[in-house]
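One structure below.
The values are calculated or read from the model by the stated rules, or taken from the named source; none is laboratory data. What you see is a predicted model; the values in this text were computed from it and never measured. Reconstructed Cβ throughout: ideal geometry from the backbone, glycine too, with neighbour counts over all protein chains shown.
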Amino acid sequence: MMRLMVLGFAACFAAQAYAAGDAASGKQKSQACAACHGADGNAPAGPDFPRLAGQHYDYLLKSLRDYKSGARKNPIMGGQVSGLSSQDMADLAAYFSNQKGTLHVIR
């Protein structure tokens, strides 16, 4: 029983490692994103477009997956992610999460 638990635990880590995005590849894939979110995710084209830079990797990846599946509705984003693979989405999430965000908390 313990051996089975250890193998299951190891498999979870292996799956996470395999699914990890590559920020350098994400930068190359991010040109389409720049039109609305800015080259580094810090310069949205308007108030309806969020800043992506510095957001958590998991949040960005889930958002992209939800747009692709239709769980999250937005006609622009739905069209943008329709041709992305799981690896493309992971790479984009890695790139934007590694950018320095410009949002600050005022105290």
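Figures for the structure shown
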| read-out | value |
| --- | --- |
| Tally, over the stretch 66-107, of residues that are more than 16 Å from GLY26 (Cβ to Cβ), β-branched (Val, Ile, Thr) and free of Cβ contacts under 8 Å to residues at least 60 places away in the same chain | 3 |
| Subset of the stretch 50-59 (residues that are surrounded by fewer than 16 Cβ atoms within 10 Å (Cβ to Cβ) and either assigned to a loop (DSSP other than H, G, I, E, B) or modelled with pLDDT under 95 (or both)) | PRO50, HIS56 |
| Search result, residues across the stretch 29-40 that are in a helix (DSSP H, G or I) and either surrounded by 18 or more Cβ atoms within 10 Å (Cβ to Cβ) or touching a helix residue (DSSP H, G or I) at 6+ places or on another chain (Cβ under 8 Å) (or both) | LYS29, ALA32, CYS33, CYS36, HIS37 |
| Given (1) loosely packed, with under 15 Cβ neighbours inside 10 Å; (2) at pLDDT below 95, number of the condition SER82 does not satisfy | (2) |
